[in-house]
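Peer 1: Structure incoming, see below.
FYI, it's all coordinate maths here, none of it is from the lab. Here the structure is a predicted model, which is why all the values come from computation and not from measurement. Positions of Cβ are generated from backbone atoms using ideal geometry, with glycine treated the same way; all protein chains shown enter the neighbour counts.
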Amino acid sequence: MADDFLHRDVPALGKRVHRLGLSGSFGLDEAAAREALETVQYVFWSPRMKGLTAPLRDALARDRERYVVSAGPLLGFLRGGVRRAAEAALRTLRVDYLDVFQLYWLGKMSALTGAVQEELLRLKDEGKIRVIGTSIHDRPRAGRLAEDSVFELLMIRYNAAHPGAETDVFPHLARRRPAVVAYTATAWRKLLRAPKGWTGPVPTAADCYRFCLTSPQVDVVLTGPRTIAELRANLAGLEKGPLSAAELDLMRTFGRAVHG
């Protein structure tokens, strides 16, 4: 399997990274997190991810430049809250900078006001953050932001049941080429079980990640394993490489059935 499927140079991040990123959102414990950090490099972190915090802090102390750490304010409506969240993350992780600082769920949990943009740019000028990003469900807006905005990274929903980014977002990336991080690859596990009337094979979680990474527009896809067994299965499954044309067609057919 070609190494350029599992690893990619991401200009917006200034690094070559493993394309499976880690999220601790589903209660991954410390032992599993430490094992994950031996392979993965992109880490989506928040202080609420208790099992991930200590292992990540230790990994960063050993080799800061190996990792890409993404954090953000729980609510990003006011410039003061944005700055406090960034500086609190720096203190908690005991680092001098965050690789990515993103506004979460733009339009719902954060707002792209002039004051917030100014604070993000000020934090970047101070060297406290390196890349400004956002997560967003509004795909047409994400497409516009890809072409012209302060954002250098977009975290978007993309999976076989919700492939709309292929038309709403991906065609708009060429102008600036912000980094793209896909999440909800399993559609909140809906892609891991057969919908009513489906008699064909059912994908594994790794197949869902392979679907995302087969797109040349996706730099990193997030995995949120609950156990060390899930983590190992996801990593092993990626060794199969990109989906073949037949596998891709089957995934799209299954995704349409799941979407209903």
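Peer 1: What residues qualify as long-range amide H neighbours of T223, i.e. H under 5 Å apart, gap of 5 or more or another chain, H built at 1.01 Å from N?
Peer 2: Residues meeting the criterion, in which the H sits 1.01 Å from N, are G21, L22, S23.
Peer 1: Give me the orientation-averaged projected area of the Cα convex hull of the stretch 76-220, in nm², one decimal.
Peer 2: 9.9
Peer 1: Nearest 20 debye, what's the magnitude of the dipole of the chain about its Cα centre given +1 on Lys and Arg Cβ and -1 on Asp and Glu Cβ? Working shown, then result.
Peer 2: Working: 38 positive and 29 negative charges, 127 e Å.
The calculated dipole for the chain is roughly 620 debye.
Peer 1: What list of whole percents do you get for P(r) of the chain, with Cα-Cα distances grouped in 10 Å bins up to the one holding the largest distance?
Peer 2: With a bin width of 10 Å, the distribution comes to 7, 31, 37, 20, 4, 0.
Peer 1: OK, next. What distance in nm separates the simple spin-label points at R91 and D125, each placed 7 Å from Cα in the Cβ direction?
Peer 2: 2.4
Peer 1: While we're here: Sort 211-219, 237-245 by the packing proxy (mean of other Cβ within 10 Å over each peptide's residues), most packed first. Write out the running numbers ahead of the final one.
Peer 2: Details: 211-219: 20.7, 237-245: 15.2.
Descending packing order for the listed peptides: 211-219, 237-245.
Peer 1: So who's got an amide H within less than 5 Å of the one on S110, skipping anything under 5 residues away but keeping other chains? H placed 1.01 Å off N, in plane.
Peer 2: Excluding prolines and chain starts, which carry no amide H, the hits are G76.
Peer 1: Report the charge-dipole magnitude of the stretch 1-144 in Debye, nearest 20, computed about the Cα centre from +1 at each Lys and Arg Cβ and -1 at each Asp and Glu Cβ.
Peer 2: In total the dipole reaches around 440 debye.
Peer 1: Compute the separation of the alpha-carbon centres of the stretch 1-50 and the stretch 66-121 and state it in Å as a whole number.
Peer 2: 19
Peer 1: Hey, another quick one. Assuming 0.36 nm per residue, please report the length gained on full extension of the stretch D3 to T227 beyond their Cα-Cα distance.
Peer 2: 78.0 nm
Peer 1: Another question about this same structure. In terms of modelled amide H atoms, which long-range or inter-chain residues lie less than 5 Å from the amide H of K15?
Peer 2: Excluding prolines and chain starts, which carry no amide H, the hits are V10.
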